[in-house]
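K.L.:
Handing you this structure, nothing more for now.
The values are calculated or read from the model by the stated rules, or taken from the named source; none is laboratory data. Treat the numbers as computed from the prediction; the structure is a model and nothing was measured. So basically every Cβ, Gly included, is an ideal-geometry build from the backbone, and we count neighbours across all protein chains shown. Side chains are part of the model used for accessible areas, which takes the heavy atoms of the whole protein and leaves out ligands, DNA and RNA. Shrake-Rupley method; radii C 1.70, N 1.55, O 1.52, S 1.80 Å.
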Amino acid sequence: MSRLDVAGGGDVARKGGPGIARAALLVVNKVDLAPHVGVDVPRMVSDATAARNGAPVLALSRHQPESVEQLRAWVRWMREEHVAGRHTPSDPGAAAPHVHAPGEADGLLHSHDTAPP
């Protein structure tokens, strides 16, 4: 499962990336904040669904009990699939190159898919 925070901007899903494309479920998180950050949640979910070729996307807010229940149902379903042998967990691959917060890794662009020198 991967997640996108609405506060990160509405264009994040359109940009794609390994987590968006490969996750068993993509959660668009904190959708209750959308009005405060100018994000169109239905468009973000639509963009994410398109980027995932129709794989599941869930708009989630802890303040919306129905969305929390949808996540709980998905987790229960995925566990049942795994226990029954119908789902094998897979590694979604390395994270995209990124920069940590100032002071971490000297703020250099890097990836975690290779061992340090």
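K.L.:
Has segment 76-88 got any residue that is touching an Asp or Glu at 6+ places or on another chain (Cβ under 9 Å) and at pLDDT below 95?
P.N.:
yes
K.L.:
Note down all Cβ pairs under 7 Å where the first residue falls in segment 35-49 and is modelled with pLDDT of 90 or more, the second is exposed (fewer than 15 other Cβ atoms within 10 Å of the Cβ) and aliphatic (A, V, I, L, M), and they're at least six residues apart or on different chains.
P.N.:
V37/A7
K.L.:
Considering only residues that are part of a helix (DSSP H, G or I) and open to solvent by less than 30 Å² (accessible area, probe 1.4 Å), look in segment 21-40 and name the one that is nearest to M78 (Cα to Cα).
P.N.:
V31
K.L.:
Filter segment 10-20 down to residues that are over 17 Å from S61 (Cβ atoms) and assigned to a loop (DSSP other than H, G, I, E, B), then give me how many there are.
P.N.:
Number satisfying all stated conditions: 3.
K.L.:
So the check is Cβ under 6 Å with 6+ separation or different chains; which pairs have a first residue in segment 68-93 that's touching a residue at least 60 places away in the same chain (Cβ under 8 Å) and a second one that's assigned to a loop (DSSP other than H, G, I, E, B) and open to solvent by less than 100 Å² (accessible area, probe 1.4 Å)?
P.N.:
P92/A23
K.L.:
Considering each of N29, N53 in turn, give the residue that is of a type in the set (S, T, N, Q) and touching a Leu at 6+ places or on another chain (Cβ under 8 Å).
P.N.:
N29 is the lone residue from the list that is of a type in the set (S, T, N, Q) and touching a Leu at 6+ places or on another chain (Cβ under 8 Å).
K.L.:
A follow-up question, please. Take segment 1-20 and flag every residue that is open to solvent by less than 60 Å² (accessible area, probe 1.4 Å) and of a type in the set (A, V, I, L, M).
P.N.:
Answer for segment 1-20, where residues must be open to solvent by less than 60 Å² (accessible area, probe 1.4 Å) and of a type in the set (A, V, I, L, M): L4, V6, V12, A13, I20.
K.L.:
List the number of the failed condition for R3; all other conditions in (1) at pLDDT 85 or above; (2) within 18 Å of the chain's Cα centre (by Cα); (3) not β-branched (V, I, T) hold.
P.N.:
Every condition holds for R3 apart from (1).
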